[in-house]
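> Please find one structure pasted underneath; my questions will follow.
The values are calculated or read from the model by the stated rules, or taken from the named source; none is laboratory data. None of the values given here were measured: they were computed from a predicted structure. Reconstructed Cβ throughout: ideal geometry from the backbone, glycine too, with neighbour counts over all protein chains shown. Just so you know, the surface numbers come from the protein's heavy atoms only, side chains and all, with ligands and any DNA or RNA stripped out. Shrake-Rupley method; radii C 1.70, N 1.55, O 1.52, S 1.80 Å.
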Amino acid sequence: DRVKPQLTELLLGFYDVIPEPLLTMFDFQELELLMSGLPEIDVDDWMANTLYQGQFERRGAMHKSCQWFWEVVREFDHAERAKLLQFTTGSSGVPARGFSVLQGNDGNIKKFALSGIRKEQSLFPRAHTCFNRIDLPCYSSKEELREKLKIALATSVTGFDIE
């Protein structure tokens, strides 16, 4: 309540530049991408700064599901990679110094993590934005992984989770 007058004035000024009806067609994630632009995401840097947990801990990047995941990420266009980053971290932006300094919601460095889970736990990838982590089921094919990941990305934009 203390900052309500200031926030109201800020919004009125913002609406002078971009009329409010034009903004209502976008959700907050799409608006961030529109205002910030699509980041250039270095997949090699992302991979090099990834922790592997759960079912992936022992074999790490050599686990078949992890190999498929990174192959799919490389096949994604810029917009899909930005949505994946947004799905995982809550932001489509890459730190200026790369993924080695990716921060969690508490401001501390928290590397991206792929955590392998059984498909019985979840049929779809789940994001934990506070921890920059994706719980990725161990799929039986790269095609299944791609399909389920794209569904998860599409539905997360709407604010719905799939269980």
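> Give the residues of the range 21-41 that are at pLDDT 85 or above and open to solvent by 80 Å² or more (accessible area, probe 1.4 Å), sorted by residue number.
none
> Still on this model: Name the pairs: first residue in the range 125-144 and without any contact (Cβ under 8 Å) to a residue 60 or more places away in the chain and at positive phi, second residue of a type in the set (Ser, Thr, Tyr) and surrounded by 15 or more Cβ atoms within 10 Å (Cβ to Cβ), Cβ to Cβ under 7 Å, at least 6 apart or on different chains?
Listed pairs, sorted by first residue: Asn132/Thr88; Asn132/Thr89.
> For the range 58-91, which residues satisfy the criterion of being open to solvent by 40 Å² or more (accessible area, probe 1.4 Å), assigned to a loop (DSSP other than H, G, I, E, B) and more than 20 Å from Ile109 (Cα to Cα)?
Residues satisfying the conditions are Arg58, Arg59, Asp77.
> Within the range 92-103, take every residue that is open to solvent by 40 Å² or more (accessible area, probe 1.4 Å) and under 14 Å from the mean Cα position of the chain (by Cα) and give me the one that is nearest to Lys142 (Cα to Cα). Outline the logic, then answer.
Taking the range 92-103 and keeping what is open to solvent by 40 Å² or more (accessible area, probe 1.4 Å), we get 94, 96-97, 100, 103.
Okay, now just the ones that are also under 14 Å from the mean Cα position of the chain (by Cα), so 94, 103.
Details: Val94: 26, Gln103: 29 Å.
In this case the residue turns out to be Val94.
> Still on this model: Name every residue in the range 115-133 that is polar (S, T, N, Q) and open to solvent by 30 Å² or more (accessible area, probe 1.4 Å), in order of residue number.
Gln121, Thr129
> Find the residue count for the range 130-154, including only residues that are in contact with a helix residue (DSSP H, G or I) (Cβ under 9 Å, 6 or more places away or on another chain) and not in a helix (DSSP H, G or I).
Total meeting the criteria: 8.
> Looking at the range 45-56, I want the residues that are under 15 Å from Ile109 (Cα atoms) and at pLDDT 95 or above and have a partner that is open to solvent by less than 60 Å² (accessible area, probe 1.4 Å) and part of a strand (DSSP E or B) with Cβ atoms under 7 Å, at least 6 apart or on another chain. Which pairs are those?
Between residues of the range 45-56 that are under 15 Å from Ile109 (Cα atoms) and at pLDDT 95 or above and residues that are open to solvent by less than 60 Å² (accessible area, probe 1.4 Å) and part of a strand (DSSP E or B), the close pairs are Trp46/Phe112; Asn49/Phe112; Thr50/Phe112; Thr50/Ala113; Thr50/Leu114; Leu51/Ala113.
> Now for a different question. Return yes or no: is Ala96 at pLDDT 95 or above, closer than 20 Å to Met47 by Cβ and among the hydrophobic types (A, V, I, L, M, F, W, C)? Break it down stepwise before answering.
Details: at pLDDT 95 or above: no; closer than 20 Å to Met47 by Cβ: yes; among the hydrophobic types (A, V, I, L, M, F, W, C): yes.
No.
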